[in-house]
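Novice: If you scroll down you'll find the structure; I have some questions about it.
The values are calculated or read from the model by the stated rules, or taken from the named source; none is laboratory data. It should be emphasised that the depicted structure is a prediction, and the values quoted were computed from it without experimental measurement. Positions of Cβ are backbone-derived with ideal geometry, glycine not excepted, and every protein chain shown enters the neighbour counts. Remember, those area values only see protein heavy atoms, side chains included, never the ligands or the DNA or RNA. Shrake-Rupley method; radii C 1.70, N 1.55, O 1.52, S 1.80 Å.
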Amino acid sequence: MTNGISREHAKQIFIEYSPYVYQTALLLAKSESLADDVTQETFIQVFKKFHTFDTNKSMKAWIYKITVNTLRNMLRRQRWLKFIGFSPELSFDETSIEHSILQDEQNQALWGEINQISAKSKEIIVLHYYAELKLNEVAEVLNIPLGTCKSRLNTALSQLRKNLPKNELLTLHKGGEVYGKY
């Protein structure tokens, strides 16, 4: 294979990272078909640009950065298509996503609350808590300063804390005590 990656290494990378790329895209896009497209396009880009990967950095963060950028580009294209009169066939059925990803009622309620916050806040939550990237890796993926990343995370968590008391299914534990239940 070209671009400094063997077929076997490419296969290994795909097997290791594709489930996380797909789940991340699904959580952010809320569309199984779009998540499939993002996953496929992400790995096309990963393999095309593998020669540019800095081996001193995290491959996981590098791949997630490509994933987020690919998703953003695809969403931009879709908005443009809708603007000029074409309507792409996408399923934005939130309940099917919640049922396929989240098993219990409490997780569904939490993701319902997460889906109510801004896209920038949701990106931080998904990348940091779901994809388990460190904040400096999240900042690198989103191409923002670490301080901005921390600020967005704080804003996202504040928004969630404010909304969680309204949802009877959810409670937040703070210092061992239940927060927001009463």
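Novice: Could you please give the count of residues in the stretch 21-36 that are of a type outside the set (Gly, Ala, Ser), part of a helix (DSSP H, G or I) and surrounded by 18 or more Cβ atoms within 10 Å (Cβ to Cβ)?
Specialist: Step one: of the stretch 21-36, the residues of a type outside the set (Gly, Ala, Ser) are 21-24, 26-28, 30, 32, 34, 36.
Then keep just the ones that are part of a helix (DSSP H, G or I); that gives 21-24, 26-28, 32, 34, 36.
From what's left, surrounded by 18 or more Cβ atoms within 10 Å (Cβ to Cβ): 21-22, 24, 26-28, 34.
Number satisfying all stated conditions: 7.
Novice: Kindly list the number of the only condition in (1) closer than 19 Å to Ala131 by Cβ; (2) modelled with pLDDT of 90 or more that fails for Glu8.
Specialist: Every condition holds for Glu8 apart from (1).
Novice: What are the residues in the stretch 1-20 that are open to solvent by 60 Å² or more (accessible area, probe 1.4 Å) and part of a helix (DSSP H, G or I), if any?
Specialist: Correct list: Arg7, Glu8, His9, Lys11, Gln12, Phe14, Ile15, Glu16, Pro19, Tyr20.
Novice: Select the helices (runs of 4 or more DSSP H) contained entirely in the stretch 95-182, then report the ones holding at least 3 residues which are at pLDDT below 85 and out of contact with any Asp or Glu (no Cβ under 8 Å at 6 or more places or on another chain). Give the derivation first.
Specialist: Working: elements: 105-114, 119-125, 135-142, 146-163.
Where helices (runs of 4 or more DSSP H) fall fully within the stretch 95-182 and carry at least 3 residues being at pLDDT below 85 and out of contact with any Asp or Glu (no Cβ under 8 Å at 6 or more places or on another chain), they are 105-114, 146-163.
Novice: Within the stretch 37-50, how many residues are over 14 Å from Ala25 (Cβ atoms), open to solvent by 80 Å² or more (accessible area, probe 1.4 Å) and either hydrophobic (A, V, I, L, M, F, W, C) or part of a helix (DSSP H, G or I) (or both)?
Specialist: 1
Novice: Restricting to the stretch 1-34, name every residue that is over 10 Å from the mean Cα position of the chain (by Cα) and without any contact (Cβ under 8 Å) to a residue 24 or more places away in the chain.
Specialist: Selection gives Thr2, Ser6, Arg7, Glu8, His9, Lys11, Gln12, Ile15, Glu16, Pro19.
Novice: Still on this structure, I have one more. When you check Arg72 against the structure, is it in a helix (DSSP H, G or I), among the charged types (D, E, K, R), modelled with pLDDT of 60 or more and open to solvent by less than 80 Å² (accessible area, probe 1.4 Å), yes or no?
Specialist: yes
Novice: So which residues in the stretch 51-65 are within 16 Å of Val141 (Cα to Cα) and either at pLDDT below 85 or surrounded by fewer than 22 Cβ atoms within 10 Å (Cβ to Cβ) (or both), if there are any at all?
Specialist: Step one: list which residues in the stretch 51-65 are within 16 Å of Val141 (Cα to Cα), which gives 52-65.
The answer is Thr52, Phe53, Asp54, Thr55, Asn56, Lys57, Ser58, Met59, Lys60, Ala61, Trp62, Lys65.
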